[in-house]
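The values are calculated or read from the model by the stated rules, or taken from the named source; none is laboratory data. The structure displayed is predicted, hence computed values, not measured ones. Cβ placement follows ideal geometry from the backbone for every residue including glycine, while neighbour counts extend to all protein chains displayed. Heads up: the accessible areas ignore ligands, DNA and RNA and are worked out on the full protein's heavy atoms, side chains in. Shrake-Rupley method; radii C 1.70, N 1.55, O 1.52, S 1.80 Å.
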Amino acid sequence: MDPVYRTVIGIARTVFAAQGLKFDVTGAENIPARGGAVIAINHTGYLDFTYAGLPARRHKRYIRFMAKKEVFDNSKSGPIMRALKHIPVDRAAGAESYRAAVDALSRGELVGVYPEATISRSFEIKQFKSGAARMAIEAGVPLVPIAIWGAQRVWTKGHPKRLGRTKTPITIRVGEPIQPDLPAAELTERLRSTMQALLLDAQKDYEHPAGAYWVPARLGGSAPTLEEADALDAADVEARNAAREARGQGLDGA
(Lines give C-alpha, C1' and ligand atoms only; values in the text may rest on other atoms or scores of the structure.)
Protein backbone atom coordinates (compact mmCIF):
# COMPACT_ATOMS: atom_id res chain seq x y z
CA MET A 1 0.00 0.00 0.00
CA ASP A 2 1.20 3.52 -0.86
CA PRO A 3 -1.51 5.94 0.34
CA VAL A 4 0.26 9.13 -0.76
CA TYR A 5 0.90 7.85 -4.29
CA ARG A 6 -2.63 6.46 -4.50
CA THR A 7 -4.07 9.85 -3.49
CA VAL A 8 -1.92 11.68 -6.05
CA ILE A 9 -3.04 9.29 -8.79
CA GLY A 10 -6.67 9.91 -7.82
CA ILE A 11 -6.13 13.65 -8.12
CA ALA A 12 -4.32 13.22 -11.46
CA ARG A 13 -7.17 11.16 -12.88
CA THR A 14 -9.64 13.84 -11.82
CA VAL A 15 -7.52 16.44 -13.63
CA PHE A 16 -7.27 14.23 -16.73
CA ALA A 17 -11.07 13.87 -16.75
CA ALA A 18 -11.51 17.65 -16.38
CA GLN A 19 -9.16 18.16 -19.32
CA GLY A 20 -11.13 15.62 -21.35
CA LEU A 21 -7.97 13.68 -22.20
CA LYS A 22 -8.71 10.55 -24.23
CA PHE A 23 -6.35 7.67 -23.47
CA ASP A 24 -5.70 4.76 -25.82
CA VAL A 25 -3.57 2.26 -23.90
CA THR A 26 -2.40 -1.10 -25.21
CA GLY A 27 0.10 -3.57 -23.75
CA ALA A 28 -0.50 -2.79 -20.05
CA GLU A 29 -0.23 -6.53 -19.40
CA ASN A 30 3.49 -6.21 -20.24
CA ILE A 31 4.13 -4.36 -16.97
CA PRO A 32 5.33 -7.09 -14.54
CA ALA A 33 2.82 -7.89 -11.80
CA ARG A 34 5.68 -8.16 -9.32
CA GLY A 35 9.43 -7.67 -9.14
CA GLY A 36 11.69 -4.92 -10.40
CA ALA A 37 11.77 -3.53 -13.92
CA VAL A 38 13.19 -0.49 -15.71
CA ILE A 39 10.31 1.39 -17.34
CA ALA A 40 11.82 3.22 -20.34
CA ILE A 41 9.73 6.11 -21.71
CA ASN A 42 10.16 8.40 -24.71
CA HIS A 43 10.29 12.08 -23.78
CA THR A 44 8.19 14.58 -25.74
CA GLY A 45 6.67 16.74 -22.99
CA TYR A 46 6.80 17.80 -19.37
CA LEU A 47 3.84 15.65 -18.32
CA ASP A 48 4.40 12.39 -20.17
CA PHE A 49 5.61 10.70 -16.96
CA THR A 50 2.15 11.24 -15.45
CA TYR A 51 0.59 9.32 -18.33
CA ALA A 52 3.26 6.59 -18.28
CA GLY A 53 2.14 5.55 -14.81
CA LEU A 54 -1.35 4.61 -15.99
CA PRO A 55 -0.51 1.15 -17.46
CA ALA A 56 1.14 0.13 -14.16
CA ARG A 57 -2.19 0.48 -12.41
CA ARG A 58 -3.40 -2.69 -14.17
CA HIS A 59 -1.46 -4.55 -11.47
CA LYS A 60 -1.93 -1.77 -8.89
CA ARG A 61 1.75 -0.89 -9.09
CA TYR A 62 3.59 2.42 -8.86
CA ILE A 63 6.58 3.73 -10.80
CA ARG A 64 9.42 5.53 -9.04
CA PHE A 65 10.63 8.05 -11.60
CA MET A 66 14.14 9.40 -11.92
CA ALA A 67 13.88 13.19 -12.12
CA LYS A 68 16.16 16.22 -12.02
CA LYS A 69 17.37 17.22 -8.56
CA GLU A 70 16.03 20.73 -9.20
CA VAL A 71 12.47 19.36 -9.05
CA PHE A 72 13.20 17.97 -5.58
CA ASP A 73 14.76 21.28 -4.50
CA ASN A 74 11.60 23.20 -5.38
CA SER A 75 9.57 24.13 -2.28
CA LYS A 76 6.29 23.02 -3.89
CA SER A 77 7.19 19.94 -5.93
CA GLY A 78 10.02 18.69 -3.70
CA PRO A 79 7.93 17.39 -0.77
CA ILE A 80 5.59 15.60 -3.19
CA MET A 81 8.44 13.98 -5.12
CA ARG A 82 10.02 12.72 -1.89
CA ALA A 83 6.70 11.44 -0.56
CA LEU A 84 6.19 9.47 -3.79
CA LYS A 85 9.70 8.00 -3.37
CA HIS A 86 10.91 9.21 -6.74
CA ILE A 87 14.67 9.29 -7.32
CA PRO A 88 16.58 12.59 -7.63
CA VAL A 89 19.17 12.82 -10.39
CA ASP A 90 22.07 15.13 -9.57
CA ARG A 91 24.23 15.56 -12.67
CA ALA A 92 27.14 16.43 -10.40
CA ALA A 93 26.72 13.15 -8.50
CA GLY A 94 25.44 10.76 -11.13
CA ALA A 95 26.89 7.66 -9.48
CA GLU A 96 24.78 8.23 -6.38
CA SER A 97 21.57 8.55 -8.43
CA TYR A 98 22.45 5.43 -10.41
CA ARG A 99 23.08 3.45 -7.22
CA ALA A 100 19.78 4.57 -5.71
CA ALA A 101 17.95 3.38 -8.84
CA VAL A 102 19.69 -0.02 -8.85
CA ASP A 103 18.90 -0.47 -5.16
CA ALA A 104 15.22 0.31 -5.81
CA LEU A 105 15.13 -2.18 -8.70
CA SER A 106 16.76 -4.84 -6.50
CA ARG A 107 14.00 -4.27 -3.92
CA GLY A 108 11.42 -5.05 -6.58
CA GLU A 109 10.43 -1.51 -7.54
CA LEU A 110 9.49 -0.24 -11.00
CA VAL A 111 11.89 2.59 -11.90
CA GLY A 112 10.93 5.00 -14.68
CA VAL A 113 13.65 6.55 -16.83
CA TYR A 114 13.95 8.68 -19.95
CA PRO A 115 16.76 7.09 -22.01
CA GLU A 116 16.86 10.23 -24.17
CA ALA A 117 17.69 12.26 -21.01
CA THR A 118 15.91 15.37 -22.31
CA ILE A 119 12.77 16.32 -24.23
CA SER A 120 12.95 15.59 -27.94
CA ARG A 121 12.04 18.82 -29.70
CA SER A 122 11.67 16.93 -32.97
CA PHE A 123 9.28 14.47 -31.25
CA GLU A 124 11.32 11.71 -32.84
CA ILE A 125 13.36 9.20 -30.80
CA LYS A 126 16.72 10.76 -29.94
CA GLN A 127 19.92 8.84 -29.26
CA PHE A 128 19.78 6.96 -25.96
CA LYS A 129 22.05 7.12 -22.94
CA SER A 130 23.10 3.67 -21.71
CA GLY A 131 22.01 4.14 -18.08
CA ALA A 132 18.69 2.29 -18.43
CA ALA A 133 20.37 -0.76 -19.92
CA ARG A 134 23.20 -0.73 -17.38
CA MET A 135 20.73 -0.55 -14.48
CA ALA A 136 18.71 -3.46 -15.86
CA ILE A 137 21.85 -5.55 -16.30
CA GLU A 138 23.20 -4.82 -12.81
CA ALA A 139 19.87 -5.39 -11.05
CA GLY A 140 19.00 -8.40 -13.22
CA VAL A 141 15.58 -7.03 -14.20
CA PRO A 142 13.83 -6.53 -17.55
CA LEU A 143 13.41 -3.32 -19.49
CA VAL A 144 9.82 -2.42 -20.36
CA PRO A 145 9.57 0.07 -23.25
CA ILE A 146 6.74 2.61 -23.37
CA ALA A 147 6.00 5.02 -26.23
CA ILE A 148 3.62 7.90 -25.59
CA TRP A 149 2.17 10.09 -28.31
CA GLY A 150 0.16 13.28 -27.83
CA ALA A 151 1.72 14.40 -24.53
CA GLN A 152 3.62 17.12 -26.39
CA ARG A 153 0.29 18.76 -27.25
CA VAL A 154 -0.44 19.39 -23.56
CA TRP A 155 2.91 20.93 -22.55
CA THR A 156 6.30 20.77 -24.20
CA LYS A 157 9.51 22.75 -24.44
CA GLY A 158 9.20 26.11 -26.16
CA HIS A 159 5.40 26.16 -26.40
CA PRO A 160 2.58 27.35 -24.10
CA LYS A 161 0.81 24.94 -21.76
CA ARG A 162 -2.62 23.68 -22.86
CA LEU A 163 -4.03 22.53 -19.53
CA GLY A 164 -7.69 23.36 -20.14
CA ARG A 165 -10.39 21.09 -21.49
CA THR A 166 -8.63 20.29 -24.75
CA LYS A 167 -9.90 16.70 -25.15
CA THR A 168 -6.43 15.79 -26.39
CA PRO A 169 -5.97 12.13 -27.38
CA ILE A 170 -3.00 10.46 -25.67
CA THR A 171 -1.79 7.16 -27.09
CA ILE A 172 0.28 4.81 -24.91
CA ARG A 173 1.97 1.68 -26.26
CA VAL A 174 3.68 -0.71 -23.83
CA GLY A 175 6.09 -3.21 -25.38
CA GLU A 176 7.04 -6.67 -24.20
CA PRO A 177 9.74 -6.86 -21.52
CA ILE A 178 13.30 -6.96 -22.87
CA GLN A 179 15.58 -9.24 -20.89
CA PRO A 180 19.03 -7.88 -19.94
CA ASP A 181 20.90 -10.59 -21.83
CA LEU A 182 23.11 -8.38 -24.02
CA PRO A 183 26.03 -6.01 -23.35
CA ALA A 184 24.89 -2.50 -22.42
CA ALA A 185 25.55 -0.93 -25.84
CA GLU A 186 23.66 -3.65 -27.72
CA LEU A 187 20.84 -3.68 -25.18
CA THR A 188 20.52 0.09 -25.50
CA GLU A 189 20.23 -0.15 -29.28
CA ARG A 190 17.66 -2.92 -28.99
CA LEU A 191 15.63 -0.78 -26.59
CA ARG A 192 15.82 2.21 -28.91
CA SER A 193 14.74 0.27 -32.01
CA THR A 194 11.85 -1.27 -30.04
CA MET A 195 10.68 2.13 -28.85
CA GLN A 196 10.91 3.53 -32.38
CA ALA A 197 8.60 0.74 -33.57
CA LEU A 198 6.19 1.41 -30.69
CA LEU A 199 6.15 5.12 -31.50
CA LEU A 200 5.36 4.45 -35.17
CA ASP A 201 2.49 2.21 -34.05
CA ALA A 202 1.19 4.94 -31.72
CA GLN A 203 1.30 7.48 -34.56
CA LYS A 204 -0.32 5.17 -37.11
CA ASP A 205 -3.98 6.08 -36.52
CA TYR A 206 -3.39 9.51 -34.98
CA GLU A 207 -4.54 12.62 -36.86
CA HIS A 208 -1.62 14.91 -37.70
CA PRO A 209 -2.62 18.37 -39.02
CA ALA A 210 -0.20 19.72 -41.61
CA GLY A 211 2.11 22.39 -40.22
CA ALA A 212 1.20 21.82 -36.54
CA TYR A 213 4.04 22.59 -34.14
CA TRP A 214 3.61 19.26 -32.33
CA VAL A 215 3.78 17.18 -35.51
CA PRO A 216 7.21 15.85 -36.64
CA ALA A 217 8.59 17.17 -39.91
CA ARG A 218 8.47 13.59 -41.20
CA LEU A 219 4.66 13.70 -40.87
CA GLY A 220 4.21 17.15 -42.38
CA GLY A 221 4.49 19.21 -39.21
CA SER A 222 6.58 22.26 -38.36
CA ALA A 223 8.65 20.63 -35.61
CA PRO A 224 12.39 20.71 -36.26
CA THR A 225 14.01 17.64 -37.75
CA LEU A 226 15.98 15.38 -35.42
CA GLU A 227 19.23 16.93 -36.68
CA GLU A 228 17.94 20.48 -36.22
CA ALA A 229 16.69 19.64 -32.73
CA ASP A 230 20.05 18.13 -31.79
CA ALA A 231 21.73 21.37 -32.89
CA LEU A 232 19.33 23.39 -30.70
CA ASP A 233 20.07 21.12 -27.74
CA ALA A 234 23.81 21.49 -28.28
CA ALA A 235 23.44 25.28 -28.36
CA ASP A 236 21.49 25.16 -25.08
CA VAL A 237 24.22 23.08 -23.42
CA GLU A 238 26.88 25.48 -24.66
CA ALA A 239 24.92 28.46 -23.31
CA ARG A 240 24.44 26.81 -19.90
CA ASN A 241 28.13 25.94 -19.68
CA ALA A 242 29.09 29.50 -20.61
CA ALA A 243 26.74 30.91 -17.97
CA ARG A 244 28.13 28.53 -15.35
CA GLU A 245 31.69 29.52 -16.25
CA ALA A 246 30.78 33.21 -16.06
CA ARG A 247 29.26 32.73 -12.60
CA GLY A 248 32.40 30.91 -11.48
CA GLN A 249 34.63 33.72 -12.73
CA GLY A 250 32.42 36.22 -10.94
CA LEU A 251 32.85 34.36 -7.67
CA ASP A 252 36.61 34.12 -8.18
CA GLY A 253 36.80 37.86 -8.65
CA ALA A 254 34.60 38.71 -5.70
#### Entry: Accessible solvent surface per residue of region 34-124, calculated while the other protein chains remain in place, 1.4 angstrom probe, Å²
45
### Query
Okay, helix-only estimate at 222 nm for the chain: each DSSP H run of n ≥ 4 adds -39500 (n - 2.57), divide by all residues, round to 500 deg cm²/dmol; what do you get?
-13000 deg cm²/dmol
### Query
What shape does region 1-75 take by its C-alpha gyration tensor, where a ≥ b ≥ c are the square roots of the eigenvalues and a/c under 1.5 counts as rounded, a/b above b/c as prolate, and the rest as oblate?
rounded
### Query
What fraction of the DSSP beta bridges in the chain is antiparallel, stated in percent and rounded to the nearest 5?
20
### Task
Give the ranking of Y46, Y62 by solvent-accessible surface, highest area first, calculated with a 1.4 Å probe.
Y46, Y62
### Task
Restricting to region 1-152, compute how many DSSP beta bridges are antiparallel as a %, nearest 5.
0
### Task
Find the centroid of the Cα atoms in region 51-65 and in region 93-109, then give the distance between the two in whole Å.
18
### Message
Suppose we look only past 14 Å in the calculated P(r) of region 46-100. What percent of the Cα-Cα pairs does that tail hold?
### Response
58
### Task
Taking only Cα atoms and a 10 Å spring cutoff, compute GNM fluctuations for the chain and point out the largest among A139, A95, A37.
A95
### Query
Once you put a point 7 Å from the Cα of A28 and another 7 Å from the Cα of L219, both along the Cβ direction, what distance in nm separates them?
2.3
### Query
What's the long-distance tail for region 199-254, i.e. % of Cα pairs beyond 15 Å?
65
### Message
Suppose we take every Cα in region 87-236 and form the convex hull; what volume per residue is that in Å³?
### Response
135
### Task
Report the trypsin sites (Lys or Arg not before Pro) located in region 107-199 that are in a DSSP loop and have at most 16 other Cβ atoms inside 10 Å of their Cβ, or state none.
R107, K129, K161, R162, R165, K167
### Message
Pick from S106, S122, S222 the residue whose mean-square fluctuation is largest in a GNM of the chain, springs joining Cα atoms under 10 Å.
### Response
S222
### Shape category assigned to region 140-214 from the gyration tensor of Cα positions, a/c cut at 1.5
prolate
## Note on the structure
With the 8 Å Cα cutoff and a minimum separation of six or more residues, the chain has a relative contact order in percent of 24
### Task
Could you tell me, in Å, what Rg and Dmax come out for the Cα atoms of region 17-59?
11.7, 34
### Query
How much accessible area per residue does region 127-242 have, in Å², with a 1.4 Å probe?
49
### Query
Most mobile of N30, N74, N42 per a Gaussian network model of the chain (Cα springs, under 10 Å)?
N74
### Message
Restricting to Cα pairs below 8 Å that are 6+ residues apart, what does the relative contact order work out to for region 146-254? Please round to a whole percent.
### Response
19
### Message
What does the C-alpha gyration tensor say about the overall shape of region 173-226? Classify as rounded when a/c is under 1.5, otherwise prolate if a/b is larger than b/c, or oblate.
### Response
oblate
### Query
Binning every alpha carbon pair distance of region 112-178 at 5 Å from zero, what are the percents per bin?
3, 14, 20, 22, 16, 12, 7, 4, 1
### Message
Multiplying the sequence separation of A12 and A117 by 0.36 nm and subtracting their Cα-Cα distance, what value in nm do you get?
### Response
35.4 nm
### Query
How large, in percent, is the carbon and sulfur part of the accessible surface of region 73-121 at a probe radius of 1.4 Å?
54
#### Entry: Of the trypsin sites (Lys or Arg not before Pro) in region 1-85, those whose Cβ has at most 15 other Cβ within 10 Å and which sit in DSSP loop
R34, K60, K76, K85
### Task
Counting only C-alpha contacts under 8 Å and six or more residues apart, can you give the relative contact order of region 1-96 as a whole percent?
26
